[in-house]
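Here the structure comes first, spelled out in structure tokens, and everything after it is commentary.
The values are calculated or read from the model by the stated rules, or taken from the named source; none is laboratory data. Worth saying up front: this structure is predicted, and the values here are computed from it rather than measured. Glycine also receives a Cβ, built like all others from the backbone with ideal geometry; neighbour counts cover every protein chain displayed. The area values use the complete protein model at the heavy-atom level, side chains included, leaving out ligands, DNA and RNA. Shrake-Rupley method; radii C 1.70, N 1.55, O 1.52, S 1.80 Å.
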Amino acid sequence: MKKFSLLILLFSMTHFAIGQTAIDIRKVDLKNGLRVIMHRDNTMPIVAVGVLYKVGSKNELPGRSGFAHFFEHLMFEGSEHIARGEFMKLIQASGGVNNAYTTHDKTYYYEVLPSNQLEMALWMESERMLHAKIDTVGVETQREVVKEEKRLRIDNQPYMSFQENLFKRAYKVHPYKSVPIGTMEDLNAAQLNEFYDFYRTFYVPENAVLVIAGDIEYETAERLVRRYFEDIPRGGRPIPRPNVVEPPLEREIVDTIYDNIQLPAVFLAYRMPPKNSDDALALSLVSRLLSTGNSSRLRKKLVDEQKIALEVIAFPYDLEDGGLFITLALANFGKDPKDIMASMHEEIERLKKERISDREFQKLLNQFETQQISQMGSMQGIADLLAEYEVFYGDANLINTIGQKVSKLTPADLQRVANSYFDSNRRIILYYLPKSSQP
């Protein structure tokens, strides 16, 4: 079984070829509000199944942070018809793999398994939606799991508190100020009835998109979907959506964080527009210009020429209601992080003042295409994109047209968005320094 599971992963990662025709999509809307998106690819006997629930940390009530992420764990406890601890065992025994993740905006569950196990995956996801096991044993078990995860992945990892420290400074009104892991105080204070209420509010068909990609026949897959999902009743409750507008930052925010680290680091963040905007797409190319590849601007200057940084990364932390464009650099031995910040500022100002060359811009387009091809090189990657585009962009077919949108961008667009969003009077700078240097 383990060897077969490995083969599934290898097949799913290598089936896609450059020049493949457009991704074929079939969409079905069930009467209970569940949206279903299917993609057929019969080249390999595998299938990816995913369910995206539009609930993340931004949907949590004040004083109850971490609920969305907590449910990512709790939903593996089992259901009325799946014994506790058997969810993963059933998938693995079938030669498949599964996992889940949570962001500020969503919670996503997926399985990749042999295509003859499609019905089992759909049954299990329908059980998760309708009959999840939410009881004292599961809640108390997962409280400890989440605590341990926070200790291992954030509290005891160098620099990993940066997300929490950036977002709580960037947002004062919008719930993006809280990160998905939440606080242990909030999770410890929550009662069983609050977890059940959260489940009944958000884990409902009208708040979900089901995606199926791989070795399927559309008619058979739709029949199975209807068998396991069509009779699930709508939740019927209003689904809370934050309706707040974060005011602009009034000033530059500069802070120092003392951490268990050996080398200093600099984290720089600017507010971003909503992820489905053309400006956000342009900023994704800006991130490549700054730090993707050895010839990228920040890497070439800070790492190769000045030798003041060991690593530099720029990336758009894009979110439905905005997000942060984050640039970080790890200081070279003995180098002052303020010198790093000064050089980062110089390169960003150059981007705002000077037009990008056609050659450099074409390289960015090539990088974007390569990344898109890489993600669509697996059934899981295709399923992820279909769900993401359907929920947050309103059109799963963007998987076929995103390249056209990017090709319409120009060097002037990148210069324009840099000037629009990279305001040195409205940015967050965090200097991470070793605790040994704390006054």
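Taken over the stretch 323-359, the criterion of being over 17 Å from Asp304 (Cα atoms) and in contact with a strand residue (DSSP E or B) (Cβ under 6 Å, 6 or more places away or on another chain) is satisfied by Gly323, Leu324, Phe325, Ile326, Thr327. Before we move on, is Arg128 out of contact with any helix residue (DSSP H, G or I) (no Cβ under 7 Å at 6 or more places or on another chain) and not aromatic (Phe, Trp, Tyr)? Here the answer is yes, as Arg128 does meet what is asked.
Across the stretch 155-180, what is the total count of residues that are within 18 Å of the chain's Cα centre (by Cα), farther than 30 Å from Leu30 by Cβ and open to solvent by 20 Å² or more (accessible area, probe 1.4 Å)?
Summing the residues that are within 18 Å of the chain's Cα centre (by Cα), farther than 30 Å from Leu30 by Cβ and open to solvent by 20 Å² or more (accessible area, probe 1.4 Å) in the stretch 155-180 gives 7.
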